[in-house]
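Below is one structure, written out as structure tokens, with a few remarks after it.
The values are calculated or read from the model by the stated rules, or taken from the named source; none is laboratory data. This is a predicted model, so every value here is computed, not measured. Note: ideal-geometry Cβ built from the backbone for every residue, glycine included; neighbour counts use all protein chains shown. Ligands, DNA and RNA are stripped out before the accessible areas are found, and what is left, the full protein with its side chains, is counted by its heavy atoms. Shrake-Rupley method; radii C 1.70, N 1.55, O 1.52, S 1.80 Å.
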Amino acid sequence: MWWRSASFILDQRHLQEDPSNDIASSSSKQPPDTLSSFMAAADPFNPIPNPKISAYYQTRAAHTAVVTSDWLAQAQAAVGHHPDDAQAPQTQQPLLAASSSGKSFCVINEFNNWRMQPDLAEAVAAIRALAAVIRASEATTMMELEIELKKASDSLKSWDTTSISLTAGCDLFMRYVTRTSALEYEDFNSARSRLIERAEKFGEISCKARRIIAMLSQDFIFDGCTILVHGFSRVVLEVLKTAAQNKKLFRVFCTEGRPDRTGLRLSNELAKLDVPVKLLIDSAVAYTMDEVDMVFVGADGVVESGGIINMMGTYQIALVAHSMNKPVYVAAESYKFARLYPLDQKDMAPALRPIDFGVPIPSKVEVERSARDYTPPQYLTLLFTDLGVLTPSVVSDELIQLYL
């Protein structure tokens, strides 16, 4: 079990030694009061999401429009299944600052405003929010501004500690933008302008990443091929949309993507593009793999080993594809490159999700609620990124370059 992994045990020991960390054991035992409380818990634009259900999964649920009262009831019931799951993470207070117009500025509110755009990735929304922090700041020295940026970045990362891309995007933004030294310029205002310029440039690069990846992948999609995709990935959709616009003839197998059925949404989007698409149940992957020419998946995060952390089921698809000599391609933006090195499936913080089986589940039955798994690099063929087409072994070198 994940709560027996080495990293989790160390985290627990740290929490026990730190008196400032409290365990909200009693709150998880309280039953939900009304349906409105469920809706508030799953609202992805709520500045303070339910800490017991991964905000990563709340966002995914909202964007795929599958939230129902039964689904939410399952989510609320899931949070107290294991005593360790009842631990509520410490939520850092969002950064508040006075803007030049006299109105208070909240980085979390700015972040949520950007996240309302369905095609904008969560990490890019964070990058845009951090850029707004620089513009709204009334700091008079570079040190004050960097401290303010650091607090804003920490607020965003603590908003959802399970989101790998959010943490990686904030870290990369801080590394990229704060490279500029105030000593290079005559005064603070010049240095601040330079910071804003670099922040805007980083945001533009991040927004263009999806299109760059789509263009780089076109040489690998040939006429008559069959592509297997898993769940809903906006960058994979962009890859397939570009191929369709280039008049390439191919068909797509979409896994259903239970329990949130994100594959249904992707199949609907492909049908609008007149792309031949077949919807599969998740357990039919091995059955249909002999018809598949390649597998295309997205990623929630790309780790130092060159492996990926993605929606649950990616690992087993990669295993089947590898055993049948089918290439597995990953489409992922560089702001998802994370300084993580998981050793196994349980060596990462779980992102809990509600599971709706459609029937009541006895209280004595344990249900696996993790939303993602880890796919080791040996089962991946290539990674299509805005930095280029990479082999998994090159990822660590790129991470070094990004954080130098």
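Sorting 192-203, 284-295 by average packing, meaning the other beta carbons within 10 Å per residue, from highest down gives 192-203, 284-295. Only protein heavy atoms count here; under a 1.4 Å probe, Leu120 has an accessible surface of about 20 Å². Per-peptide packing, taken as the mean over residues of other Cβ atoms within 10 Å, places 240-248, 159-167 in the sequence 159-167, 240-248 from highest down.
Rounded to the nearest 10 square angstrom, Thr140 shows an accessible area of 90 square angstrom against a 1.4 Å probe. Give the shape of segment 194-334 as rounded, prolate or oblate, defined through the alpha-carbon gyration tensor: a ≥ b ≥ c are the square roots of its eigenvalues, a/c under 1.5 means rounded, and otherwise the shape is prolate if a/b is larger than b/c and oblate if not. Cα axes put segment 194-334 in the prolate bin. A convex hull fitted to the Cα coordinates of segment 259-404 yields 141 cubic angstrom per residue. Across segment 232-239, coupling constants 3J(HN,Hα) worked out from phi with the 6.51/-1.76/1.60 Karplus curve, θ = phi - 60°, read 10, 10, 5, 6, 5, 4, 5, 4 Hz, and Gly and Pro carry x.
In order along segment 110-126, the phi-based Karplus estimate (6.51 cos²θ - 1.76 cosθ + 1.60, θ = phi - 60°) of 3J(HN,Hα) comes to 4, 4, 5, 4, 5, 5, 5, 7, x, 8, 9, 5, 4, 5, 5, 4, 5 Hz; Gly and Pro are listed as x. From most to least packed by mean Cβ count within 10 Å, the peptides 127-139, 352-364, 322-334, 106-118 give 127-139, 322-334, 106-118, 352-364.
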